[in-house]
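What follows is one structure encoded as structure tokens, with my remarks underneath.
Just so you know, all these numbers are worked out from the coordinates, no wet-lab data involved. Remember, it's a predicted structure, so these values are computed and weren't measured experimentally. Cβ placement follows ideal geometry from the backbone for every residue including glycine, while neighbour counts extend to all protein chains displayed.
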Amino acid sequence: MSTPSLRPHTKWGVAVALGVVGSLLVGLVVLAFLWPSKTSEARNLPVSITGPAATVTALEEALDKAAPGTFDFVEASDRDAAVAQIQKRETYGAIVLAAPPAMPEVLTAPAGSAVATQMLTGVAAQLKAQLVQQVTTAGGDGSKVEVAVTPIVPLADSDPTGSGLASASFPLMFGGMLGGVLVALLVVGAARRLAALAGFAVAAGLVLTVILQTWFEFLPGDFGVNALAMGVSILATSSFVVGCASLLGRAGLGLGAVVTMFFANPISAAAVPWQFLAEPWGAIGQWFVPGATNTLIRSVAYFPDADASRQWWILTGWIVLGAVLTLIGHFRARATMRVPQALLAHEAEAPAEVVAEGH
């Protein structure tokens, strides 16, 4: 004999509605991850350019006519200035023009963006084709035309395509979120939660740097600086998640996950230059933890001359926000608990007062 269910059956309409809502949520998740890549297009890519004024103007006009709005040219006084702009992450590459018979040169930064490097390599091929045609028309030997493509900031030998570094962005984000969830669920007390977050960030930063730099050799640069960048990035995400949970309870965990995974991560521009995302989402994404993390780690590892202060401050701001939310939630919970305790104390004292009055 089967035991009857203690819970009443769900109404048919509610069951169907829940299925529809679930399908819509799945659609939203897919849309959140695929929409940025679907709507992204090559545009406003900062590229240095230097050479004779007339030649520079002619090339800019030709490229803008062939692909309107693709490049945002930044003038450089000479090749050295163009190299400096690349190393400071002011541009993704450079086109160095020279008066004939000198050949043009295209400078790239594969560590900055594989997509931008491919585009500039295509520009080099176009320049070579044009020069071959000009030399051949003038009766010269077109086979001697060469347009050098020089990588100024190459990727690590163990990660020549940059796929390893790009793939690490999601585990970084997810690891920070997972650490925040564990601390929020298993650690009680605001000070203890903050201490646990600090310990988690230090340990995670060291472990991830050992894996990505020492073991896989995806990252060059200073081990300590890379570990600090990893730890700060992890702490920014986990601190925000714990802050949301402290303030809103389990609903805060959901809010932290939604903001981090389904909003900030898709617009972080981990695989393409942020300028390629639909405006203004590319710029907005750089103010959230995943976007700032991607930029910071590439900068400290490959571009030591770049100014990464904005990314450090952005991540610090998220850490402070998480800590403040944690403290607000803690003190609000204490204030809420004081009221019932005061009522209990008053009830306990009331009979004694009555007896005293009776005497």
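Calculated translational diffusion coefficient of the range 45-151 (20 °C, 1.002 mPa s; Stokes-Einstein with Kirkwood radius over alpha-carbon pairs) equals 154 µm²/s. A full extension of the chain between residue 65 and residue 191 corresponds to an added length of 39.4 nm, given 0.36 nm per residue minus the alpha carbon distance.
With a cut-off of 10 Å between beta carbons, the residues surrounding residue 183 carry a summed charge of +2, where Lys and Arg count +1 and Asp and Glu -1. Diffusion coefficient (Stokes-Einstein, Kirkwood radius over C-alpha pairs, 10 °C, 1.306 mPa s) for the range 85-212: 86 µm²/s, rounded to a whole number. By other beta-carbon atoms within 10 Å, ranking 318, 312, 215 with the fewest at the front produces 215, 312, 318. Across the alpha-carbon set of the chain, the Rg to Rh ratio works out to 1.19, Rh being the Kirkwood radius. Of the DSSP H helices in the chain, those that are both long (alpha-carbon extent of 30 Å or more along the helix axis) and hydrophobic (Kyte-Doolittle mean at least -1.0) are 12-39, 114-137, 223-248, 309-358.
Sequence-distant contacts, meaning Cα pairs under 8 Å at least 6 residues apart, place the relative contact order of the chain at 16 percent. Among 137, 108, 70, the largest mean-square fluctuation in a Gaussian network model of the chain (Cα springs under 10 Å) belongs to 137. Label-to-label distance, residue 170 versus residue 103, with points set 7 angstrom from Cα along the beta-carbon direction: 4.1 nm. Would you mind telling me which residue in 94, 54, 81 has the biggest mean-square fluctuation in a Gaussian network model of the chain, where springs connect alpha carbons within a distance under 10 angstrom? So, out of 94, 54, 81, the one fluctuating most is 54.
One Cα centroid belongs to the range 270-321, the other to the range 148-225; the line between them spans 15 Å.
With K and R counted +1 and D and E -1, the other residues having a Cβ less than 13 Å from that of residue 303 yield a net charge of -1.
Residue exposure proxy: 103, 177, 119, ordered by other Cβ atoms within 10 angstrom of their Cβ from fewest to most, comes out as 103, 119, 177.
Arranged from fewest to most other beta-carbon atoms within 10 Å of their beta carbon, 28, 219, 97, 296 become 28, 97, 296, 219. Which whole-number percent is the relative contact order of the range 163-339 (Cα, under 8 Å, 6+ apart)? The value is 27 percent.
Please give me the summed charge of the neighbours of residue 43: other residues whose Cβ is under 12 Å from its Cβ, Lys and Arg +1, Asp and Glu -1. It works out to a net charge of -4. What's the FRET efficiency of residue 38 with residue 216 using the Cβ-Cβ distance as r and R₀ = 35 Å, to the nearest 0.05? Efficiency, from the Cβ-Cβ distance: 0.70. Largest mean-square fluctuation among 66, 138, 227, in a Gaussian network model of the chain whose springs join Cα atoms under 10 Å apart, belongs to 138.
Each Cα pair under 8 Å and six or more residues apart adds its sequence gap; the mean of these over the residue count of the range 45-151 is a relative contact order of 25 percent. Secondary structure note: in the chain, about 25% of the DSSP beta bridges are antiparallel. Based on the Stokes-Einstein relation at 20 °C and a viscosity of 1.002 mPa s, and on the Kirkwood radius from alpha carbon pairs, the range 182-287 is assigned a translational diffusion coefficient of 140 µm²/s.
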